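**Q** My questions will all concern the structure given below.
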């Protein structure tokens with residue numbers, strides 16, 4: 001496997017496009033399209049929030065029931081969440097309009113929305129946008145980039161990546177884009193992720209690979225502990241790589257799963273590091289855990305703690321807050337067994353040993369914590385399981401963005 | 001029952017005092033004493049964090065095993081958490097010093113600490129402080145106030161209250177003080193609460209009343225979801241009110257429980273409203289719930305959401321975030337049944353009905369949310385259970401206080 005240029009158009013047969021439909025923003029693209037020249041198998045994972053946005057309900061049904069999918073229509077600015085029957089009707093009308101424009105069945109159209117909760121979508125503008133998307137679409141790298149930019153909300157950078165790998169003696173491709181800052185995400189009410197691949201794989205194995213991979217990638221990032229109503233990851237596989245169909249968990253499946261993990265990890269970390277107002281990416285690894293479940297609970301509790309995040313913003317080696325967050329995670333461990341390390345480009349430092357301070361250099365610790373990518377490693381010395389979670393620091397700008405957002 | 005002046009010295013036979021021991025701060029009192037002229041029954045509730053500070057371990061043992069308690073020695077500045085055996089030795093030495101000074105057994109001395117995690121207490125200063133506390137103690141209202149001020153850390157106001165009520169034909173008293181901003185609390189690593197009363201009550205019923213009351217009071221406040229290593233509530237009853245001992249759940253017990261609820265609610269709300277950096281007290285009431293458990297989960301999830309808290313700071317009626325936080329609370333409900341109201345001194349407004357916007361006036365909503373005390377009421381229409389939680393808004397100053405704290 002190797003990284004290549006591009007995003008969602010890197011795999012054979014995928015078009016992308018963007019359009020300025022005036023949904024909410026002025027002077028920028030705010031609609032995006034992913035389109036496959038041939039029918040795709042699709043897999044998806046969606047928010048666990050009880051309050052599910054209309055497009056989440058629509059996509060769940062399409063992924064579970066439709067024989068194939070071929071297009072994804074995305075808008076930024078309005079989330080179409082808490083919009084009742086009118087919101088569901090918008091999904092239906094969007095799918096019907098796209099179906100007519102692209103000459104495919106409405107059941108082959110996925111929709112995704114991100115933005116403010118509680119507002120209705122302006123359907124006329126959305127319809128006009130779909131016609132523009134048809135005109136603007138293309139298979140170039142630049143078309144993928146335009147789509148990745150069109151779905152941004154408070155994101156400060158667009159996020160896309162692509163890889164190629166071997167399956168059944170063929171070179172196949174995978175590309176992805178996403179927006180937002182977490183499956184557990186802030187105000188924009190959404191992380192949206194889209195992955196396209198030309199690999200030929202059975203729907204069952206596609207679903208299995210996605211289901212297992214998100215546990216270690218998108219579900220391990222957090223910006224503020226708020227799980228959105230719209231979180232969606234969609235993976236489309238169109239088979240145009242012409243490898244023999246992957247129907248069992250063989251070497252080709254492993255190669256596919258590895259590529260998916262690479263793309264998803266990259267996208268997830270990029271979202272965490274671009275969390276609202278963030279100045280640093282925080283990686284938290286728990287080692288020596290008795291079980292994976294324990295490791296996940298501990299890592300997520302640390303990466304979600306407002307106090308840890310504020311300390312990271314202050315470049316303050318306030319390790320008591322890390323132990324404290326581990327302590328209320330719900331996972332059991334012996335605080336007096338814990339070793340803790342801080343790492344970054346500036347160095348690596350053991351901060352506590354068996355639960356008490358090593359008498360480390362505060363100056364070096366501050367230097368380590370002043371880098372834009374920081375890793376915290378804790379060893380609880382109970383077993384072999386590990387987990388890594390990603391987040392970001394808590395800053396003035398987070399408060400500013402979220403205090404001002406709607407008004 | 002009626003509110004009276006004073007705090008922990010309002011009940012008969014209780015002394016309080018403060019001293020500037022130079023534990024961490026300069027030019028201010030940082031140690032406090034509560035002392036009863038006669039032995040007390042004691043009840044306590046402590047942090048659920050796996051990482052428990054040394055004084056929490058000490059007090060748990062004293063409350064469970066000692067026949068009586070008579071003194072509480074408190075320090076601010078250093079939490080004595082994550083301090084290993086040396087930290088436990090500090091508790092022992094503090095109790096022994098106080099025992100000698102006040103001529104009581106060490107097992108009758110409770111200790112409490114609040115401040116930074118991971119530092120050892122300067123025992124010589126602590127010892128000298130205990131001698132100063134002996135000199136400075138008294139039964140006046142001013143002595144209670146001095147103690148309430150000495151235990152402050154990032155608190156902006158000291159917090160004390162007292163009431164009197166009738167039991168067995170006698171007028172009895174209860175007073176309390178606290179510091180911090182939550183059982184689920186920010187950086188100072190602690191909410192500490194102390195309640196004194198001259199009521200005569202059995203230890204069993206004292207414990208029961210405290211255990212039940214904290215569920216609706218201290219456990220329903222949140223500043224940032226970080227449960228401290230030091231959280232402690234101690235209630236001392238010295239019986240000097242001379243009412244016939246309360247040994248069953250009769251009218252006198254109800255009067256005692258009502259007074260305790262009044263004092264604890266007042267202290268808890270005061271802490272929530274004085275949350276680090278807060279500009280507003282946020283009260284969230286869930287109505288029409290199928291069970292108390294569901295109501296508690298929903299109310300706490302809303303009051304803990306960073307996005308809701310940031311919206312409150314921005315006076316923004318961003319109700320989608322409230323529904324979203326209810327949605328990921330872990331409690332089930334039908335989003336399309338929810339009614340939601342905002343209330344404050346400026347008015348009352350229905351924001352959503354059956355899960356969708358009422359088309360309310362944004363201007364009036366902003367006016368309501370610009371008050372220093374805001375109430376959110378949600379009705380999920382599934383039953384009769386209710387719960388109320390308290391928190392505060394999320395502000396620039398929260399980030400500033402917690403980004404700068406240790407350094």
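Since every read-out is calculated from the coordinates, none of them should be taken as a lab result. None of these values were measured; they are calculated from a predicted model. Here the Cβ is made from the backbone with ideal geometry for all residues, glycine too, and neighbour counts use every protein chain on show.
**Q** P(r) of region B:13-160 in 5 Å steps, Cα pairs, percent per bin?
**A** Taking every Cα pair in region B:13-160, the percentages come to 2, 11, 21, 24, 22, 15, 5, 1.
**Q** How big is the convex hull of the Cα atoms of region A:187-291, per residue, in Å³?
**A** In region A:187-291, the Cα hull volume divided by residue count equals 131 Å³.
**Q** Of the candidates B:54, B:99, B:19, which one comes out as most mobile in a Gaussian network treatment of chain B with C-alpha springs shorter than 10 Å?
**A** B:99
**Q** Further question: In percent, what relative contact order does region B:281-407 have, based on Cα pairs under 8 Å that are 6 or more apart in sequence?
**A** Reported relative contact order: 43 percent.
**Q** For region A:272-407, go through all pairs of different Cα atoms, get the mean of 1/r, take its inverse, and jot down that Kirkwood value in Å.
**A** 14.9 Å
**Q** Using the C-alpha atoms of region A:101-209, what convex hull volume per residue, in cubic angstrom, is computed?
**A** 158 Å³
**Q** For region A:1-105, what relative contact order do you get, as a whole percent, if you take Cα pairs closer than 8 Å and at least 6 residues apart?
**A** 24 percent
**Q** Once you place label points 7 Å from the Cα toward the Cβ at residue B:279 and residue A:202, how far apart are they in nm?
**A** It is 5.9 nm.
**Q** Okay, moving on. On each of the three principal axes of the Cα atoms of region A:231-272, give max minus min coordinate, whole Å, ordered largest first.
**A** Sorted from largest, the Cα extents of region A:231-272 read 36, 19, 16 Å.
**Q** Relative to a virtual label point 7 Å from the Cα of residue A:336 in the Cα→beta-carbon direction, which members of region B:66-106 show backbone nitrogen distances below 12 Å?
**A** B:82-89, by backbone N distance to the label point.
**Q** By how many nm would the segment from residue A:107 to residue A:292 lengthen if fully extended, with 0.36 nm per residue of separation less the alpha-carbon distance?
**A** Gain in length upon complete extension: 62.8 nm.
**Q** A follow-up question, please. If I build a Gaussian network model for chain B, linking alpha-carbon pairs within less than 10 angstrom, which residue out of B:108, B:148, B:71 has the largest mean-square fluctuation?
**A** B:108
**Q** Note the distances from residue A:135 to each other copy's matching label point, with points 7 Å along the Cα-to-beta-carbon direction, in nm, sorted shortest first.
**A** Values, ascending and in nm: 8.7.
**Q** Taking the rotation axis that maps chain B onto chain A, which residue of B brings its Cβ closest to that axis, and at what distance in whole Å?
**A** B:396, 3
**Q** Just the Kirkwood number for the protein assembly as shown, please: inverse of mean 1/r across all distinct Cα pairs, in Å, one decimal.
**A** 28.1 Å
**Q** Taking 30 Å as R0, compute the FRET efficiency from the Cβ-Cβ separation of residue B:38 and residue B:88 and round it to 0.05.
**A** 0.55
**Q** Can you give the three extents of the C-alpha atoms in chain A along their principal axes, from longest to shortest, in whole Å?
**A** 68, 54, 35
**Q** Ordered by packing density, taken as the mean number of other Cβ atoms within 10 Å over each peptide's residues, highest first, how do B:386-392, A:137-143 rank?
**A** B:386-392, A:137-143
**Q** OK, next. Need one value for B:327-334: mean number of C-beta atoms belonging to other chains within 10 Å of its residues' C-beta atoms.
**A** 4
**Q** Inside 10 Å of the C-beta atoms of A:311-317, what's the mean count of C-beta atoms belonging to other chains?
**A** Partner Cβ neighbours, averaged per residue: 5.
**Q** Report, in whole Å, the centroid distance computed from the Cα atoms of region A:191-245 and region A:143-163.
**A** Result: 17 Å between the Cα centres.
**Q** Take every DSSP beta bridge with both residues inside the protein assembly as shown and express the antiparallel ones as a percent of the total, to the nearest 5.
**A** Once the DSSP bridges in the protein assembly as shown are tallied, antiparallel ones form about 70 percent.
**Q** Counting each DSSP H run of 4 or more residues in the protein assembly as shown as -39500 (n - 2.57), what helix-only mean residue ellipticity at 222 nm follows after dividing by all residues, to the nearest 500 deg cm²/dmol?
**A** Value at 222 nm, helices only, nearest 500: -10500 deg cm²/dmol.
**Q** Can you give the relative contact order of region B:114-181 as a percent, counting alpha carbon pairs under 8 Å and 6+ residues apart?
**A** Answer for region B:114-181 is 26 percent.
**Q** Based on the Cβ-Cβ distance of residue B:250 and residue A:215, what FRET efficiency does E = 1/(1 + (r/R0)^6) give at R0 = 56 Å, to the nearest 0.05?
**A** Approximately 0.50, to the nearest 0.05.
**Q** Still on this model: What are the nm distances, shortest first, from residue A:364 to its equivalents in the other copies, labels at 7 Å along Cα→Cβ?
**A** Copy-to-copy label distances at residue A:364, shortest first: 6.3 nm.
**Q** Give me D for region A:329-407 in µm² s⁻¹, whole number, from Stokes-Einstein with Rh from the Kirkwood sum over alpha-carbon pairs, 20 °C and 1.002 mPa s.
**A** In µm²/s, the coefficient is 143.
**Q** Okay, moving on. Kindly work out what percent of the DSSP beta bridges joining two residues of region A:260-407 are antiparallel, to the nearest 5.
**A** 75 percent
**Q** Quick one: if you stick a label point 7 Å off each Cα along the C-beta vector at residue B:135 and residue A:373, how many nm between them?
**A** Distance between the two pseudo-spin positions: 5.9 nm.
**Q** Further question on the same structure: Over the whole of A:391-402, what's the average partner chain Cβ count within 10 Å per residue? Rounded to a whole number, please.
**A** Rounded to a whole number, the mean comes out at 5.
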